[in-house]
Amino acid sequence: MKSCPCGSGRTYAECCEPYITGIQKPPTAEALMRSRYTAYAEHAIDYIVDTCVQEGKDKIDVKETRAWSEGSRWLGLKVLSVTKGGSADTTGTVEFEASYERDGLRDIHHEEAKFKKIDSQWFYDEGDIVPKTIVRAAPKVGRNEPCPCGSGKKYKHCCGK
């Protein structure tokens with residue numbers, strides 16, 4: 001049996017498949033978010049569109065979303081935090097990282113996703129991409145400083161060319 005792409009540790013059939021096929025509705029915002037990730041991995045783009053709030057559906061480029069889904073190899077999902085979004089709530093936020101590979105390059109989609117419950121059903125409302133801060137491992141070398149390679153030359157005349 002195939003394990004679920006969402007990383008729950010359960011099989012696809014007992015985890016996200018009932019949501020994607022419409023047999024059940026996700027009971028929480030996190031369950032919806034996990035099933036949406038799985039829908040990308042399984043190329044179920046109609047489910048992605050159907051689980052957006054009505055205003056968001058008009059903004060989706062279905063053709064491009066399908067191309068991204070089918071052109072990517074989905075590597076895993078990591079849920080970082082969940083705020084509200086339980087069965088008794090009407091709103092919720094799930095911060096997550098979705099790892100994928102596309103055209104030989106690995107990337108991580110880090111998002112803080114907001115969900116709304118409308119008529120007892122959870123929908124994706126909007127999301128904010130969390131920017132990645134790059135931190136240098138070593139101090140920046142100035143152009144006129146000695147080259148760190150040990151050549152004795154200035155950086156601009158050595159490795160900085």
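Structure above, values below:
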read-out	value
Meets criteria (free of Cβ contacts under 8 Å to residues at least 24 places away in the same chain, open to solvent by 70 Å² or more (accessible area, probe 1.4 Å) and closer than 19 Å to Cys16 by Cβ) for Asp50	yes
Cβ pairs under 6 Å, 6+ apart, first in segment 24-41 and in contact (Cβ under 8 Å) with a residue 24 or more places away in the chain and farther than 21 Å from Tyr100 by Cβ, second assigned to a helix (DSSP H, G or I) and not polar (S, T, N, Q)	Pro26/Tyr19; Pro26/Leu32
Near pairs, Cβ below 7 angstrom, 6+ apart or cross-chain, from segment 83-112 (more than 17 Å from Ile129 (Cβ to Cβ) and open to solvent by 40 Å² or more (accessible area, probe 1.4 Å)) to any residue that is assigned to a strand (DSSP E or B) and among the β-branched types (Val, Ile, Thr)	Thr83/Thr93; Lys84/Thr91; Lys84/Thr93
Matching residues, segment 43-65, being more than 24 Å from Lys117 (Cβ to Cβ) and within 15 Å of the chain's Cα centre (by Cα)	His43
Residues that are under 22 Å from Gly76 (Cα atoms) and either touching a Cys at 6+ places or on another chain (Cβ under 9 Å) or open to solvent by less than 100 Å² (accessible area, probe 1.4 Å) (or both), drawn from segment 124-152	Tyr124, Glu126, Gly127, Asp128, Val130
Odd one out for Gly22 among (1) of a type in the set (Gly, Ala, Ser); (2) farther than 25 Å from Arg106 by Cα; (3) open to solvent by less than 40 Å² (accessible area, probe 1.4 Å)	(3)
Some residue of segment 53-73 being crowded, with 19+ Cβ neighbours inside 10 Å, hydroxyl-bearing (Ser, Thr, Tyr) and touching a helix residue (DSSP H, G or I) at 6+ places or on another chain (Cβ under 7 Å)	no
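The values are calculated or read from the model by the stated rules, or taken from the named source; none is laboratory data. If you're wondering where the values come from, they're calculated on a predicted model, not measured in any experiment. Every residue, glycine as well, gets a Cβ built from its backbone with ideal geometry; the counts of neighbours run over all protein chains shown. Accessible surface areas use protein heavy atoms only, side chains included; no ligands, DNA or RNA. Shrake-Rupley method; radii C 1.70, N 1.55, O 1.52, S 1.80 Å.
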